[in-house]
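Asker: Below are the structure tokens for one structure; questions will follow.
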Amino acid sequence: MQLRNQIVLGIATNQYQEGESLPSVRQLAENIGINMHTVNKAYHVLRQEGFIRLDRRNGAVIFLEEDKSQAVREMREALQVILAKAVCKSISREEVHQMVDEIFEEYTL
């Protein structure tokens, strides 16, 4: 999940552009020192989530599906857990809003 998250962050911050190829599974595994199966699993999760397309000739290519309704459902599920943690740790609504605004700004510059 860490690798998947790093790639999603890279897409959001324009480190990776749509149409750009990611390193091959073998190359990325060697570069960052992890198992090839871990990279393969991350790429398959990214494909399922609509962030990349897997192609035999071009490998993993950044391809953003525009299924907003699915993204909203997934985001709601993730936020429910994150906000439950916030409530358990007495983080206020205002603090949450401030964090969201600060983080969102990083991606919209």
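The values are calculated or read from the model by the stated rules, or taken from the named source; none is laboratory data. Because the structure is predicted, anything quoted here is derived from the model rather than measured. When we count neighbours, we look across all protein chains shown, and the Cβ atoms used for this are built from the backbone with ideal geometry, even at glycine. Just the protein is used for accessible areas: all its heavy atoms, side chains included, with ligands, DNA and RNA removed. Shrake-Rupley method; radii C 1.70, N 1.55, O 1.52, S 1.80 Å.
Asker: Going by alpha carbons, how many degrees (0 to 90, nearest 10) lie between the helix axis of 36-48 and the longest principal axis of the chain?
Answerer: With rounding to tens, the tilt is 60 degrees.
Asker: For the chain, with all protein chains present and a 1.4 Å probe, just round the carbon and sulfur fraction of the accessible area to a whole percent.
Answerer: 52 percent
Asker: Sum up the charges of everything whose Cβ sits under 12 Å from the Cβ of Lys41, counting Lys and Arg as +1 and Asp and Glu as -1, but leave Lys41 out.
Answerer: In short, +2.
Asker: What FRET efficiency would be calculated for the residue pair Lys89, Glu65, taking the C-beta separation as r and a Förster radius of 30 Å, to the nearest 0.05?
Answerer: That pair, Lys89 with Glu65, gives E of 0.30.
Asker: Quick one: how many Å² of Tyr16 are accessible to a 1.4 Å probe, rounded to 10?
Answerer: Approximately 60 Å² of Tyr16 is accessible to the 1.4 Å probe.
Asker: Under 5 Å between amide H atoms, partner at least 5 residues away or on a different chain: which partners does Ala60 have, H built in plane at 1.01 Å?
Answerer: Leu22, Asp55
Asker: Then there is this: How big is the convex hull of the Cα atoms of the range 20-75, per residue, in Å³?
Answerer: Hull volume over Cα atoms, normalised by residue count, gives 85 Å³.
Asker: With a sphere of radius 14 Å drawn around the Cβ of Lys68, what net charge do the other residues whose Cβ falls strictly inside it have (Lys, Arg +1; Asp, Glu -1)?
Answerer: Within the 14 Å Cβ shell, the charges total -3.
Asker: Amide H neighbours of Ile52 under 5 Å, at least 5 residues apart or on other chains, H built in the peptide plane: list them.
Answerer: The answer is Arg47, Phe63.
Asker: Then there's this: Where does helix 93-107 land angle-wise versus the long Cα axis of the chain, in degrees 0 to 90, nearest 10?
Answerer: Compared with the principal axis, the helix lies near 30 degrees.
Asker: Based solely on its DSSP helices, what 222 nm [θ] is calculated for the chain when runs of n ≥ 4 H residues each add -39,500 (n - 2.57) and the sum is averaged over all residues, nearest 500 deg cm²/dmol?
Answerer: Roughly -20000 deg cm²/dmol at 222 nm, from the helical runs in the chain.
Asker: Report P(r) for the chain: all Cα-Cα distances, bin width 10 Å, range 0 to the bin holding the largest distance, values in whole percent.
Answerer: 13, 37, 30, 17, 3, 0
Asker: Provide the gained length on full extension for the span Leu79 to Gln2, in nm with one decimal, where the gain is 0.36 nm per separating residue minus the Cα-Cα distance.
Answerer: 25.9 nm
Asker: Please list, in order along the range 83-92, the HN-Hα scalar couplings obtained from phi with the Karplus expression 6.51 cos²θ - 1.76 cosθ + 1.60 (θ = phi - 60°), rounded to whole Hz, x for Gly and Pro.
Answerer: Karplus-based 3J(HN,Hα) across the range 83-92 equals 6, 5, 4, 4, 4, 4, 9, 6, 8, 6 Hz.
Asker: Moving on to the next point. If you roll a 1.4 Å probe over the heavy atoms of the protein chains, what accessible area per residue do you get for the chain, in Å²?
Answerer: 80 Å²
Asker: Would you mind checking the range 47-80 for residues with the amide N under 11 Å from a putative spin-label position 7 Å along Cα→C-beta of Glu18?
Answerer: Those under the cut-off are 63-67.
Asker: Rounded to whole Hz and in sequence order, give me ³J(HN,Hα) for the range 60-76 from the Karplus expression 6.51 cos²θ - 1.76 cosθ + 1.60, θ = phi - 60°, writing x for Gly and Pro.
Answerer: Couplings: 8, 10, 4, 8, 8, 5, 9, 9, 4, 4, 5, 4, 5, 4, 5, 5, 4 Hz.
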